[in-house]
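Asks: Here it is: the structure, laid out below.
Laboratory data are not the source of any read-out in this text; all were calculated from the coordinates shown. Owing to the predicted nature of the structure, the values given are computational and were not obtained by experimental measurement. Cβ: placed from backbone, ideal geometry, glycine included. Neighbour counts: every protein chain shown.
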Amino acid sequence: MKKLFTIGLLIIGMGMSAQVATDGTTASGSQSTAMGGSTTASGSQSTAMGSGTLASGVYSTAMGSQTTASGASSTAMGFQTTASANNSVSIGSWNKSNATGQGTAFVIGNGSGDNARSDAFKVMKNGDATVSKDLFVRGNMSQSSDARLKMNIMSLGGTLAKLLLIDGKSYTTKKDGRQTIGVLAQDIQKVFPELVTTDDNDMLAVNYQGLVPVLINALKEQEAKLQVQDERLARLEAIIADMNK
């Protein structure tokens, strides 16, 4: 005989739990559903499907293998993913963000173990988004810069002296061994600390787009110096021309 399918009073709308069991499933939450093998739906109106999944949050859903959805209205899908934040979604495998805490809205994990959790992509509830590797965009990228959104507006003034303290570097990235060029965040932090932030791993990141106004002002400053030199040279040439008459 096929494995026994137990429907524990499959009248979910009347407040009972449904359990479609193949091996060790538990639907203990009110109006919860557990399906597959060794799945547990302990949260009220939660759903656990697959193998070894746990849906403990209210209205949560855990699918795949060994996933955990502990946040209210959270969803965990894939392998060994965890959705701890309320109203969040975790997919992929072994995600780092949203394994604990309440700040994550969506994450794609690409980790390989409990001690090697990592994320390919994540979106925080405050709107911040992080891509762990290269990002290719076919269209244009625009950043909001309307003056009506800003206050305490001041000119940067001369930036050439500070810019000269920054040296462009060629380097190999430790993560994938790729050769690339750029700047060092520590160098930028010394002269333009506003352009440097710290990520979840205490690694420094540079706002490269923020260097554009720095370059603009440095070019303007350099151009002003060149104009002064041109005027001085013109006067000297005029004097020499008068002396040769």
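Asks: If I compute Rg and Dmax of the Cα atoms in Å from the structure I just sent, which labelled value in (1) 22.4, 81; (2) 31.7, 92; (3) 29.5, 119 lines up?
Replies: The value matching this structure is (3).
Asks: Taking the Cα centre of the range 90-147 as origin, work out the dipole magnitude from +1 charges on Lys and Arg Cβ and -1 charges on Asp and Glu Cβ, in debye rounded to 20.
Replies: 100 debye
Asks: In the Gaussian network model of the chain, springs joining C-alpha atoms below 10 Å, which of D23, D119, D230 carries the largest mean-square fluctuation?
Replies: Sorting by GNM fluctuation, first place goes to D230.
Asks: I've got another one for you. Residue-wise, which Karplus ³J(HN,Hα) couplings in Hz belong to the range 52-69, taking 6.51 cos²θ - 1.76 cosθ + 1.60, θ = phi - 60°, and x for glycine or proline?
Replies: x, 8, 9, 10, 9, x, 4, 6, 8, 9, 10, 9, x, 10, 6, 8, 9, 10
Asks: Show me, for the range 222-235, the HN-Hα J-couplings you get by feeding each phi into the Karplus relation (A = 6.51, B = -1.76, C = 1.60, θ = phi - 60°), rounded to Hz, glycine and proline as x.
Replies: With coefficients 6.51, -1.76 and 1.60, one gets 5, 5, 4, 5, 5, 5, 4, 5, 5, 5, 5, 5, 5, 5 Hz.
Asks: Looking at the range 12-131, send over the antiparallel percent of its DSSP beta bridges, to the nearest 5.
Replies: Bridges in the range 12-131 that DSSP calls antiparallel: roughly 20 percent.
Asks: I want the antiparallel fraction of DSSP beta bridges within the range 67-146, as a percent rounded to 5.
Replies: If we restrict to bridges inside the range 67-146, about 45 percent are antiparallel.
Asks: At what distance in nm do the modelled label points of L160 and T172 sit from each other, each positioned 7 Å from its Cα along Cα→Cβ?
Replies: Modelled inter-label distance: 3.8 nm.
Asks: Here's another thing I want to ask about it. Calculate the spin-label point distance for L184 paired with I239, positioning each point 7 Å from the Cα along the beta-carbon direction, and give it in nanometres.
Replies: The modelled label-to-label distance comes out at 4.5 nm.
Asks: Pick from L163, L195, L226 the residue whose mean-square fluctuation is largest in a GNM of the chain, springs joining Cα atoms under 10 Å.
Replies: Sorting by GNM fluctuation, first place goes to L226.
Asks: Length gain on complete extension for the stretch D230 to T197, per 0.36 nm per residue less the alpha carbon to alpha carbon distance?
Replies: Fully extending the segment from D230 to T197 adds 7.8 nm.
Asks: If the chain between A116 and L204 were fully stretched, how many nm would it gain, using 0.36 nm times the residue separation less the Cα-Cα distance?
Replies: Length difference between fully extended and current span is 29.6 nm.
Asks: Next question. Taking every DSSP beta bridge with both residues inside the chain, roughly what % is antiparallel (nearest 5)?
Replies: 30 percent
Asks: Sorted from fewest to most neighbouring beta carbons within 10 Å, what does the list M63, M243 look like?
Replies: Least to most surrounded, the residues fall as M243, M63.
Asks: Hey, if you put +1 on the Cβ of every Lys and Arg and -1 on every Asp and Glu Cβ in the chain, which of I216, S142, L184 ends up farthest toward the positive end of that dipole?
Replies: S142
Asks: Work out how far the C-alpha atoms of the range 162-245 reach from end to end along every principal axis, then list the three figures in whole Å, largest first.
Replies: 72, 26, 17
Asks: Quick query: amide H of G37 versus all other amide H atoms, modeled in the peptide plane; which residues come in under 5 Å with a sequence gap of 5 or more or a different chain?
Replies: G50, S51, G52
Asks: What number in nm² do you get for the range 12-131 if you take the convex hull of its Cα atoms and divide its surface by four?
Replies: Over every viewing direction, the Cα hull of the range 12-131 projects on average to 6.7 nm².
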